[in-house]
1. Is at least one residue of the range 99-118 more than 25 Å from ARG17 (Cα to Cα), assigned to a helix (DSSP H, G or I) and in contact with a helix residue (DSSP H, G or I) (Cβ under 9 Å, 6 or more places away or on another chain)?
2. Does any residue of the range 92-104 turn out to be small (Gly, Ala, Ser), open to solvent by less than 90 Å² (accessible area, probe 1.4 Å) and in contact with a strand residue (DSSP E or B) (Cβ under 9 Å, 6 or more places away or on another chain)?
3. Can you spot a residue in the range 123-143 that is in a loop (DSSP other than H, G, I, E, B), surrounded by 14 or more Cβ atoms within 10 Å (Cβ to Cβ) and touching a Ser or Thr at 6+ places or on another chain (Cβ under 9 Å)?
4. In this structure, is THR152 in contact (Cβ under 8 Å) with a residue 40 or more places away in the chain, surrounded by 12 or more Cβ atoms within 10 Å (Cβ to Cβ) and closer than 30 Å to GLU13 by Cβ?
5. Among the numbered criteria (1) at pLDDT 85 or above; (2) open to solvent by less than 40 Å² (accessible area, probe 1.4 Å), which one does VAL20 miss?
6. Just need a number here: residues in the range 47-89 that are loosely packed, with under 13 Cβ neighbours inside 10 Å, outside any helix (DSSP H, G or I) and touching a helix residue (DSSP H, G or I) at 6+ places or on another chain (Cβ under 9 Å).
7. With the checklist (1) touching a residue at least 60 places away in the same chain (Cβ under 8 Å); (2) open to solvent by 100 Å² or more (accessible area, probe 1.4 Å); (3) under 30 Å from ILE15 (Cβ atoms) in hand, flag the one item LEU119 doesn't pass.
8. Take the range 25-46 and flag every residue that is open to solvent by less than 40 Å² (accessible area, probe 1.4 Å) and modelled with pLDDT of 80 or more.
Amino acid sequence: MSDLFDLAMPWWEFILRAVVVYVVVLGMVRLSGKRALGQITPFDVLLIVLLGNAVQNALLGQDTSLGGGLLLAATLIAINYAVGWLSQRSRRIETLVEGEPVLIARDGEVLASVLKRELVTRGDLEAAMRQQGCTHISEVSMALLEINGHITIVPRTPT
């Protein structure tokens, strides 16, 4: 019971580990693409659980104390709050953390190389078109992959 509150490493090392893991995992998630963030599938849930397990040792090291776990939790929550706060106040940080919408179709033409780069299937685009009442790509003025992974369709205006 006495080791319940005994930290296996200095308190500042917990904070340093949390910051490093947070930044690296955030970078990996950003590199995985917007589409991965837009829809949660069973595979995504599995990935989240496995990521948590994978980074556990990087965060805790050999520590199993209650204090160490609570310090890590508080640090991760504080980092997340700080990133949100900074993103709210700085367009540059917001773009760095969240990204920007990406044009995937324009004037009835699909930008195939962009679809491929953003890991969006033609089926995803067509489903978004149907949801917006467009049955053919020729009816699309613009299609955007939003920062949350959803596809916004702007239909052409009738002439």
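1. yes
2. No: zero hits.
3. Yes, some residue in the range 123-143 is in a loop (DSSP other than H, G, I, E, B), surrounded by 14 or more Cβ atoms within 10 Å (Cβ to Cβ) and touching a Ser or Thr at 6+ places or on another chain (Cβ under 9 Å).
4. Here the answer is no, as THR152 does not meet what is asked.
5. For VAL20, the failing item is (2).
6. Summing the residues that are loosely packed, with under 13 Cβ neighbours inside 10 Å, outside any helix (DSSP H, G or I) and touching a helix residue (DSSP H, G or I) at 6+ places or on another chain (Cβ under 9 Å) in the range 47-89 gives 1.
7. That leaves (3) as the condition not met.
8. VAL25, GLY27
The values are calculated or read from the model by the stated rules, or taken from the named source; none is laboratory data. For clarity, every value in this text was computed on a predicted model and none was experimentally measured. Note that we place each Cβ from the backbone using ideal geometry, even for glycine, and neighbour counts take in every protein chain shown. Keep in mind that these areas ignore ligands, DNA and RNA; they rest on the heavy atoms of the full protein, side chains included. Shrake-Rupley method; radii C 1.70, N 1.55, O 1.52, S 1.80 Å.
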